[in-house]
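The values are calculated or read from the model by the stated rules, or taken from the named source; none is laboratory data. Note that this is a predicted model, so its numbers are computed, not measured. Counting neighbours? That spans all protein chains shown, and the Cβs are built from the backbone with ideal geometry, glycine included. Heavy atoms of the whole protein, side chains included, go into the accessibility calculation; ligands, DNA and RNA do not. Shrake-Rupley method; radii C 1.70, N 1.55, O 1.52, S 1.80 Å.
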Amino acid sequence: VATERMGGEAALPACAARADAGCHACGAAVYVAVCSLCTRTAVGLGGAASAIAGRTLGAVNPGRGAHAALAGARLGLGVATVIGLAFFFIPGPLLNIFNINDGVAGSIGRQLLAYLAVSGLFVTVALSFTGALLGTGATNDPLYLSIVSKVFVPIGICTFAHGFPGSRAPPVTDILLG
């Protein structure tokens, strides 16, 4: 749950530059209602990778643990790709399910889903590998992996998207300085 909250905070760059409470509420609703499809799958795969990696390390077969982490990451990437394509190509019907379809909320919701379509891929893979590392007893490497995947990658995506003409992505300075 804590990793989902961290991902949710990083997944709201479209709202970070605005002080509007309704914007933040919309962003939270979109994340909780729709993006949890990706993160819940990834958290489950991370838990499975953790159990398998710990078990195989105890059985002195670390190669099987590494293979299990890769298999979990591939499975999670496949699920995140399908969900991300839905986020990108049919955001309207997904937002209608949760009654987030009016003017400003619908616009912000579509922006967030387009962002989450890409960042969900990184978060899913990171959570799978983080789970495997935690299962082996490592603590520093999962911390670094979480920081990179939930802070640097989302800010990098915003920086990259902001460079396109006509992009409505906020500049990174607005995100960081509020």
Item to complete: Find the residue count for region 132-151, including only residues that are touching a residue at least 60 places away in the same chain (Cβ under 8 Å), out of contact with any helix residue (DSSP H, G or I) (no Cβ under 7 Å at 6 or more places or on another chain) and closer than 18 Å to residue 39 by Cα.
Response: 0
Worksheet item: If you check 167, 146, which single one turns out to be at pLDDT below 80, of a type in the set (Ser, Thr, Tyr) and surrounded by fewer than 13 Cβ atoms within 10 Å (Cβ to Cβ)?
Response: 167
Discussion item. Take the conditions in a helix (DSSP H, G or I), in contact with a Ser or Thr (Cβ under 8 Å, 6 or more places away or on another chain), open to solvent by less than 60 Å² (accessible area, probe 1.4 Å) and not β-branched (Val, Ile, Thr) and apply them to residue 114. Does it pass?
Written reply: no
